[in-house]
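Let me begin by presenting the structure, written as structure tokens, before commenting on it.
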Amino acid sequence: MRGFRTIIEPFRIKSVEPLRLSTRDEREAQLAAAGLNLFRLRSEDVLIDLLTDSGTGAMSAEQWAALQRGDESYAGSPSYFRFERAVRELFPYRHVIPTHQGRAAEKILFSVAGGAGRVVPSNTLFDTTRANVEASGATGVDLLYAEGRRPSLRHPFKGNLDVGALERLIGEVGRDRVPLVLVTVTNNSGGGQPVSLENLRAVRAVCSRHGIPLFLDACRFAENAWFIREREPGQQSRTVTAIVREMSSLADGMTMSAKKDGLANIGGWLALNDDAWAERCRNLLILTEGFPTYGGLAGRDLDAIAVGLQEVVQHDYLRYRARSVEYLGEALEKRGVPIVVPTGGHAVYLDAAALLPQVPALQYPGQALSIALYREGGLRSCEIGSVMFGLQPDGSERPAAMELVRLAVPRRTYTQSHVDFVIEVVERVAARARDLKGLRIIDGPRPLRHFTARFEEVG
Ligand code: F0G
């Protein structure tokens with residue numbers, strides 16, 4: 001419906017999940033029991049859950065129908081072939097290897113391509129990706145375009161990789177130590193920001209010159225392609241499908257979490273052209289995931305993904321998706337709440353360091369803000385700051401580069417009135433953010449502490 005001001009949710013609701021409204025006293029008790037860590041809450045105690053957009057979206061009627069069609073044969077199931085066809089429609093790589101989620105694909109890829117002494121350049125490696133690169137003994141190097149590191153700077157493609165820095169890195173370490181370059185689309189850790197086709201072409205040119213394969217971490221490929229269509233000169237009349245095919249043609253392979261732009265609750269894959277790598281990957285797959293035609297998934301999951309991939313590239317869906325995230329960001333900006341701009345494809349990131357200047361980084365302003373959002377309105381968000389990144393391998397602490405709180409928007413799940421409610425909660429908390437106190441962690445240092453740590457308020 002072009003020409004109308006209001007962009008509607010392009011679906012109606014057939015099956016509802018009731019939300020349980022709670023009182024402030026109840027939320028206070030739940031926070032205390034959870035040690036002021038939102039990961040430790042029971043999800044039934046959360047009113048609006050913006051912890052992640054991963055696997056938390058709603059499936060369509062067609063996807064639920066596809067589940068029924070799922071074939072659970074151990075080998076050679078028609079579900080696999082429907083899945084493979086849907087993947088190759090967008091990403092025509094020779095080998096398509098299903099995995100139970102994105103990090104399993106990463107683990108397998110870097111077990112083959114990584115290893116001690118190797119260096120994996122990226123715009124920004126997502127946490128699990130970096131962990132898998134490092135677990136193989138290799139080093140991950142983030143080469144994000146300088147514009148991407150400035151939260152308040154507006155730029156259409158803040159996910160771009162710094163091509164000059166890539167060239168210099170390859171010159172320094174030598175081509176033989178770089179097994180592949182990985183570009184994350186969109187750049188989740190940098191605010192869900194897209195990468196332009198122009199940038200992908202430039203990265204491809206550097207890779208080709210040195211004979212280095214280029215891979216995509218394609219979790220949010222459709223959101224990225226939508227931003228290309230909206231923002232990149234000359235792309236406005238193309239379909240998202242055509243743009244996705246061009247993105248994939250520039251790379252030699254991909255890792256994927258179907259929990260994002262697969263519109264599924266679980267799943268992922270690894271796809272690539274190289275026959276020798278593919279064979280080694282399939283052998284590893286059999287060790288931990290399963291036979292190569294199901295890779296840790298049920299046949300019905302493969303069918304849900306196959307349908308999800310057809311739905312995720314539809315323009316009405318993507319227009320609504322981008323607009324609903326932008327709507328949230330725009331409203332917060334209008335109310336003077338500092339956020340990362342422009343808004344990304346899947347989330348709005350609040351700048352907690354700017355909102356809570358009285359709280360030092362190592363008293364976790366992001367955590368304090370996310371706790372306040374839950375206390376106020378039952379909202380669950382995720383700290384992306386010094387709790388998540390501050391702990392060093394030697395047990396000491398260092399402030400993270402930014403203190404952010406991510407409001408990730410699950411796909412097709414919440415309506416505009418839910419988002420209006422979120423805006424009201426954030427506005428109320430922001431109005432008295434200067435009164436919020438910092439936190440300290442009351443249990444010992446441990447890896448991935450953000451999932452389990454307990455906190456208490458300082459003073
Ligand atoms: N790559 C990116 C860019 C991601 O955002 C994620 C997951 C993964 C890889 C790993 O995929 O979860 O299926 O194993 N991101 C989720 C999030 C967890 O909340 O942003 P997975």
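Numerical summary
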read-out: Any chance E383 is surrounded by 20 or more Cβ atoms within 10 Å (Cβ to Cβ) and outside any helix (DSSP H, G or I); value: yes
read-out: Some residue of region 107-119 being open to solvent by 50 Å² or more (accessible area, probe 1.4 Å), in contact with a helix residue (DSSP H, G or I) (Cβ under 7 Å, 6 or more places away or on another chain), within 12 Å of the ligand (Cβ to nearest atom) and over 20 Å from V203 (Cα atoms); value: yes
read-out: Residues of region 253-280 satisfying the condition of being in contact (Cβ under 8 Å) with a residue 60 or more places away in the chain, in a loop (DSSP other than H, G, I, E, B) and of a type in the set (D, E, K, R); value: K259, K260, D274
read-out: All positions within region 337-363 that are of a type outside the set (A, V, I, L, M) and open to solvent by less than 10 Å² (accessible area, probe 1.4 Å); value: G344, G345, H346, Y349
read-out: Subset of region 449-459 that is within 29 Å of the chain's Cα centre (by Cα) and more than 15 Å from S370 (Cα to Cα) - its residue that is least open to solvent (accessible area, probe 1.4 Å); value: R449
read-out: So V325, is it closer than 22 Å to I228 by Cβ and assigned to a strand (DSSP E or B); value: no
read-out: Any hit, region 271-282, residues being within 16 Å of the ligand (Cβ to nearest atom), in the same structural domain as D127 (by TED's automatic domain parsing) and among the small types (G, A, S); value: yes
read-out: Test for G296: is it surrounded by fewer than 21 Cβ atoms within 10 Å (Cβ to Cβ) and within 16 Å of the ligand (Cβ to nearest atom); value: yes
read-out: Checking I48 against (1) surrounded by fewer than 18 Cβ atoms within 10 Å (Cβ to Cβ); (2) farther than 28 Å from A278 by Cα, the condition it does not meet; value: (1)
read-out: Single match in L369, L404 (criterion: hydrophobic (A, V, I, L, M, F, W, C) and under 21 Å from I442 (Cβ atoms)); value: L369
read-out: Selection count, region 166-203, where residues are in contact with a Phe, Trp or Tyr (Cβ under 9 Å, 6 or more places away or on another chain) and either part of a loop (DSSP other than H, G, I, E, B) or away from the ligand (no atom under 16 Å from the Cβ) (or both); value: 11
read-out: Out of L161, L169, L144, sole residue that is under 18 Å from the mean Cα position of the chain (by Cα) and open to solvent by 10 Å² or more (accessible area, probe 1.4 Å); value: L144
read-out: Per-region count, region 372-386, residues among the aliphatic types (A, V, I, L, M) and under 15 Å from D49 (Cβ atoms); value: 2
read-out: Scan of region 344-360 for residues that are under 18 Å from N37 (Cβ atoms) and free of Cβ contacts under 8 Å to residues at least 60 places away in the same chain, ordered by number; value: A352
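Okay, residues lined up against (1) under 30 Å from Y320 (Cβ atoms); (2) open to solvent by 70 Å² or more (accessible area, probe 1.4 Å):
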{"residue": "P365", "(1), (2)": "no, no"}
{"residue": "Q392", "(1), (2)": "no, no"}
{"residue": "E403", "(1), (2)": "no, no"}
{"residue": "A430", "(1), (2)": "yes, no"}
{"residue": "D435", "(1), (2)": "no, yes"}
{"residue": "G444", "(1), (2)": "no, no"}
{"residue": "P447", "(1), (2)": "no, yes"}
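The values are calculated or read from the model by the stated rules, or taken from the named source; none is laboratory data. Just so we're clear, the structure is a prediction, and the values are computed from it rather than from any experiment. Neighbour counts run over all protein chains shown; Cβ positions are idealised from the backbone, glycine included. Surface accessibility is based on the protein's heavy atoms, side chains included, excluding ligands, DNA and RNA. Shrake-Rupley method; radii C 1.70, N 1.55, O 1.52, S 1.80 Å.
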